[in-house]
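Contents: one structure, followed by commentary.
The values are calculated or read from the model by the stated rules, or taken from the named source; none is laboratory data. What you are looking at is a predicted structure, and each value in this text was computed from that prediction instead of being measured. Using ideal geometry, Cβ is built from the backbone for each residue, glycine included, and neighbour counts are taken over all protein chains shown.
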Amino acid sequence: MSKQIGPQSEVLFHFTIKLQDGSVADSTQLHGKPAKLKMGDGSLTPSFEACLLGLTEGSSHSFELGPDDAFGPVNPDNIHHMERSRFAADMSLEEGAILSFTQPNGAEIPGIVRGVAGDSVTVDFNHPLAGCQVTFEVEILAVEQQDVDK
């Protein structure tokens with residue numbers, strides 16, 4: 001009998017996330033290294049985890065997820081207009097460039113340059129796939145059940 005993914009399972013799996021046009025946004029197979037997940041640990045959104053529940057070791061499935069169930073809608077509050085002077089003078093600020101910003105607590109957060117107009121740089125701190133409908137393809141390689149009494 002195949003092992004089934006439950007709320008406490010540890011899962012080893014390959015995944016591919018595709019956009020509506022069929023292009024691949026991310027894939028563990030491209031890197032040749034499967035993902036490992038403990039269900040409920042917060043590393044995947046509840047909607048992504050819900051897609052995995054009940055799947056069995058050795059199976060492959062594909063799921064369509066809308067923006068609210070995948071990476072969320074685009075939040076306009078996460079788009080900031082910044083003065084060009086806040087960036088290094090020799091930094092090339094091109095539309096689509098991904099930059100790293102240090103938050104006050106020291107954590108790093110990526111931002112995508114969405115536009116440069118004069119002395120203003122528009123930086124988007126939303127997840128790059130926010131607002132996108134995606135196809136989530138998974139191949140379940142191994143499932144280990146964890147004791148719920150621990």
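Points worth noting:
- Of all residues making up segment 117-150, the number that are among the aromatic types (Phe, Trp, Tyr) and either modelled with pLDDT under 95 or not in a loop (DSSP other than H, G, I, E, B) (or both): 1
- Among the residues of segment 4-48, those that are surrounded by 13 or more Cβ atoms within 10 Å (Cβ to Cβ) and of a type in the set (Ser, Thr, Tyr) comprise Ser9, Thr16, Ser27, Thr28, Thr45, Ser47.
- Flag if Lys33 is farther than 21 Å from Gln133 by Cβ, of a type in the set (Lys, Arg) and touching a Ser or Thr at 6+ places or on another chain (Cβ under 8 Å): no
- Selection count, segment 5-34, where residues are of a type in the set (Val, Ile, Thr) and without any contact (Cβ under 8 Å) to a residue 40 or more places away in the chain: 2
- Picking from residues in segment 23-68 that are part of a helix (DSSP H, G or I) and more than 14 Å from Phe13 (Cα to Cα), the one that is modelled with the highest pLDDT is Ala50.
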